[in-house]
Structure formats: structure tokens, C-alpha cells
Amino acid sequence: MEPLYAKLYDKYTKLKARKFGELEQLNKDQEEKFINYMAAAEELIQHLKDENDRLHAKLNDLISSTRPSVDDQSLDYQKLLMEEIHKNKELSQEVEKLHKLQKERVDGERGQLNDHTSQKRSDMSDGPMTRSRKRSRPPESSGEIVLVTQENGQREAVQEDSENISFKETSSSGAPEEAKQPQCCTRATEEPGDCTDDKSTCKCLFQALIQYTLGMQFSVATQVAGICISAFHESSGYSFTLTWADKEASGEVELMYTVQSLGTYERVAPEWMREVIKFSSTMCPIFFNRIARFINVHQ
């Protein structure tokens, strides 16, 4: 039995030594791998630190190089903003001046129209009074009766001829006759002293309807060339006139568009709004449609 135990013990000792050797070799391999891993990790960390330092330096260089340009751009933008604010103030002052001029012109035209209307009424009233006075005077003889009657007949004929001539001239100019205007229009043109406010009840209903439809103020003015319509857009200061022009060979009425002021539309107005345009009365819807569309786009 003892030799058997000795043999088993020897075999156990050899097996134990071999197992310990394998474990020691495995530990050495693992330690070597761990050392290599630590070295690689330290190298990668150092590389990332260097890259981070390089990027920080580059970022600082970019900030230092772009900061002056950004400051200059900020100053330029501030200057542009101040210039725009100054221009807006000037445009606002110009619009106020245009409003005052428009109001003064409308008041002056109304005053002239009132003077003309009152003078016409006084002339028309003086004629019948003179004739009635002459007729009421008792004649001294039959010869004087015949003379006064002939003289009155000639005056009446001359007055009727002058009224017919003035009516024909007004009709041939293409402008609407004052005698054919409705009562609201004749009241607004003949009695402006009774309603100084534009929003009063005695304003011309047709004129108010056009203003509400197109968003512009319209007034009738008398010029050397004839009667014209003056239009004014309050918020922008844009104003123009429409004058009855000469008739064509076909007899169709022409209107002449003339711009008075572009106001705040000075920079954006198209070329056709700056020129003098003649167009027929059938083109009025297209003309006002373009005006309204332009105002709606640029409001």
C-alpha cells in the first residue's frame, strides 16, 4: 500500500505543479494585456487632451478675429436703423404737409366754386329783376311801350342764347353738367358753408360711396383745362388728378391721369404711375382696379 500511496502522491504533486504553472502563465498574459491596455488608454487620453487644447486655441483665434467685424456690422446696422428712423420721420412730416396742402387746396377750390356759384345766381337773379323793374315803370306814350318791349325781347333772346352756348360748351367738354346733378351733389357743391366737416350728412352721397369703395378721398376741382377729379390717399400721401381730355374721332370720352405726389410710394411705384396717361372711359374699371390692388399690396 505504501508504494501505491507514494505513487499517487507523486502524481498529485506533478499535477498540482502543472496547474499552478498554467495559472501563473495565464496571470502573466492577463497582466501584460492590462498593461498594454492602460498604455493605449493613456495615449488616447493624451491625444484627446491635445486635440481639445488645439480646438480651444482655434476657437479663441476665430472669436478674436470675428469680433471686430461683428462690432463693425453692429455699428453699421445701428446707423442704418437711425437713418431709416430719420427717413420715416421726414416722410411722416411730408405726409402731414401734403395733408395740409390738400386740405388748403380743397378749401380754396370750394371757395372758388362757391364764389362762382353765388356770382352766377346773382347774375341770374339780376336779369329778371331788371326786366320786371323796366316793365313796372309806367310808360308815357305808346312809342315808349314798343321800345321797351323790343329792348326786353332782345335782352331775353341774348340771355337765352348765352345760356344755350354755355350749356353746349359744358356738354362738349365731356364733364358732367351741374344742372343734371342730384340734389345731394348740388347741395354739397353750392352750400359748403353749412357743413365744414367732411363726415357731415350733407356730403355728396356718390362721392362718399366712391371713397368707401376705393379707400381714397375724391373732390371736384375746376382748372384752366376744365373740370377735373382730384384723388388723395390719406395714409400714404399719394394723390393724382383725372381731367376730361379732348374727344377722339369716334366721340368717346378720354380721361387724362396726372400724378400730383407719390408720397411714401416714391420708391416702389411702377413707371406707369409716374407718367401722364390718357385712357378711354371704358378703361376706368381696369385703371381703378390696378390702383386699388397696388395700394392693398403696399399697405
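The values are calculated or read from the model by the stated rules, or taken from the named source; none is laboratory data. Owing to the predicted nature of the structure, the values given are computational and were not obtained by experimental measurement. All Cβ positions, even for glycine, are placed from backbone atoms using ideal geometry, and neighbour counts span all protein chains on display.
Take Arg187 and tell me if it is surrounded by fewer than 17 Cβ atoms within 10 Å (Cβ to Cβ) and at pLDDT 85 or above. Quick ask: steps written out before the conclusion?
Working: surrounded by fewer than 17 Cβ atoms within 10 Å (Cβ to Cβ): yes; at pLDDT 85 or above: no.
Spelling it out, it is not the case that Arg187 is surrounded by fewer than 17 Cβ atoms within 10 Å (Cβ to Cβ) and at pLDDT 85 or above.
Would you check which residues across segment 210-223 are in a helix (DSSP H, G or I), closer than 28 Å to Asp115 by Cβ and aliphatic (A, V, I, L, M) and list them? Lay out the reasoning, then the answer.
Kept after step one, since they are in a helix (DSSP H, G or I), are these residues of segment 210-223: 210-214.
If we keep only those that are closer than 28 Å to Asp115 by Cβ as well, we get 210-211.
The answer is Ile210, and nothing else.
Under the condition of being surrounded by 10 or more Cβ atoms within 10 Å (Cβ to Cβ) and either of a type in the set (Ser, Thr, Tyr) or closer than 21 Å to Gly263 by Cα (or both), the residues counted in segment 62-80 number 3. Looking only at residues in segment 268-289 that are surrounded by 11 or more Cβ atoms within 10 Å (Cβ to Cβ) and more than 17 Å from the chain's Cα centre (by Cα), the one that is nearest to Tyr238 (Cα to Cα) is Ile277. Selection over segment 254-267 of residues that are modelled with pLDDT under 90, outside any strand (DSSP E or B) and of a type in the set (A, V, I, L, M, F, W, C) gives a count of 0.
Out of Phe288, Phe294, which single residue is in a helix (DSSP H, G or I) and under 26 Å from Asp107 (Cα atoms)? Full working, then the answer.
On the way: Phe294 fails: under 26 Å from Asp107 (Cα atoms).
Among Phe288, Phe294, only Phe288 is in a helix (DSSP H, G or I) and under 26 Å from Asp107 (Cα atoms).
Scanning segment 190-209 for residues that are assigned to a helix (DSSP H, G or I) and not acidic (Asp, Glu), we see that the one that is modelled with the lowest pLDDT is Gly193.
From the list Leu44, Leu15, Leu55, Leu81, the one residue that fits, being modelled with pLDDT of 90 or more, in a helix (DSSP H, G or I) and within 30 Å of Tyr238 (Cβ to Cβ), is Leu81. Looking across Val70, Val95, one residue alone is hydrophobic (A, V, I, L, M, F, W, C), part of a helix (DSSP H, G or I) and more than 30 Å from Thr241 (Cα to Cα). It is Val70.
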